[in-house]
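The values are calculated or read from the model by the stated rules, or taken from the named source; none is laboratory data. From a predicted model like this one, the values you see are computed outputs, not experimental measurements. So basically every Cβ, Gly included, is an ideal-geometry build from the backbone, and we count neighbours across all protein chains shown. Side chains included, ligands, DNA and RNA excluded: accessible areas come from the protein's heavy atoms. Shrake-Rupley method; radii C 1.70, N 1.55, O 1.52, S 1.80 Å.
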Amino acid sequence: MTRVLEVRFKGNRREYFTWPSEDSLRVDEAVIVEVERGLDFGLVSAVGDIAEKKCQRCGTCGGGSDLGTRASDPETLTPSPEALKPILRRATDEDRKTAEQLRSNEEDVRRLVRDRVRQHTLPMKVSDAEWQWDKRKLTIYFTAEQRVDFRALVRDLAALFRTRIELRQIGARDEARRLDGIGRCGRQLCIANWLPEGRPVSLSLAKAQGLSLNPVQISGPCGRLLCCLHYEHDFYVEQRKRFPKEGKAVRTSEGIERVVAIDIFRERVTLRSDAGATRVVPLDQLRA
């Protein structure tokens, strides 16, 4: 039976492969996989039903995006093994040693690329470098505020490293996923740990939760608004439907009063009369 497995590479990059053997692979086991231009080294990060569901959500190949034509119920979708490349074998100790040597060399590569970028006076910041395990490809990740014409740089790097060069522009959230770090909460960045993708975050999410609109207080290490603003947004939207809107005039036993503030967690409403008197009323009492 052909199984679908998730394999993790450097920088939290994940891809999906098949494993046709009956001898099952375990999570964190090192493997050699077939990629577009040769072979690469990675670690198994998910197996079984978990890997299949994540593959369905991925949508970057036929193993996930074309599944909708197979069944109408998402729970019955199965990744298409024909669209996925195979895991060739378990990695040996020699394979691991080769991968470790490449990883230790990548920081030197990044510095060399950064120097060449300065020589070409290109408006880009080199974030990371990643060798393919067989050294047939070198991927350079960079961020930039605009599109960059790096054709001359690619030719220069190809002559320097004698391999295929791929320059890939990424966003601030993708850079945080690759480089990892610690968030304001003191824990590992969600985008580098478990979050499948970085969804756009707008100030409206902070407004709905009554948070400070100071970007310094609601932004992560990447300089973008915190991904976790999405987590409780639906709760706040649903709960606010039970409360009168702030600024609205309501008729109470004391007369006409205006809603100054609401407290979703304590279920209280702060009211102010025309005379300027302020009082706090439980939501149930206000409704009654």
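A simple spin-label model places pseudo-atoms 7 Å from Cα toward Cβ; at residue 264 and residue 251 they are separated by 3.0 nm. Each label was represented as a point 7 Å from its Cα along the Cα-to-Cβ direction; for residue 234 and residue 83 these points are 2.5 nm apart. Ligands, DNA and RNA excluded, the heavy atoms of residue 284 present near 100 Å² of accessible surface to a 1.4 Å solvent probe.
Order the following by accessible area, largest value first: 151, 14, 110. Probe radius 1.4 Å; ligands, DNA and RNA are ignored.
On the way: 151 155, 14 80, 110 45 Å².
My answer, sorted largest first, is 151, 14, 110.
Among the GluC sites (Glu not before Pro) found in region 215-250, those both in a DSSP coil and sparsely packed, with 16 or fewer other Cβ atoms within 10 Å of their Cβ, are 232, 246. Here is the list for region 189-288: chymotrypsin sites (Phe, Trp or Tyr not before Pro) lying in DSSP coil, each with at most 16 other C-beta atoms within 10 angstrom of its C-beta, are 194, 231, 265. Hey, quick one: spin label on residue 144, modelled 7 Å out along Cα-Cβ, who in region 173-199 has an amide N within reach, i.e. under 19 Å? Under cut-off, by backbone N: 173-176. Note on the chain: dipole from Cβ charges, positive end direction compared against 92, 148, 109; the farthest Cα belongs to 148. Placing +1 on the Cβ of every Lys and Arg and -1 on the Cβ of every Asp and Glu, with no other charges, gives region 86-160 a dipole of roughly 200 debye about its Cα centre. Please compare each pair in 53/241; 85/135; 54/137; 53/125 to a cut-off of 30 Å on the Cα-Cα distance and tell me which ones are over it. Violating the 30 Å limit, Cα to Cα: 53/241; 53/125.
Here the chain is treated with +1 on each Lys and Arg Cβ and -1 on each Asp and Glu Cβ, and its dipole about the Cα centre works out to around 1040 debye.
Give the residue from 252, 204, 233 lying farthest towards the positive end of the charge dipole for region 198-255; charges sit on Cβ (+1 for Lys and Arg, -1 for Asp and Glu) and the dipole is referred to the Cα centre. Positive-most Cα among the choices belongs to 252. With R₀ fixed at 45 Å, the C-beta to C-beta distance from residue 108 to residue 49 puts the FRET efficiency at about 0.60.
Mind checking region 199-288 for trypsin sites (Lys or Arg not before Pro) that DSSP puts in a loop (not H, G, I, E or B) and that have at most 11 other Cβ atoms within 10 Å?
Answer by residue number: 241, 242, 245, 248, 266.
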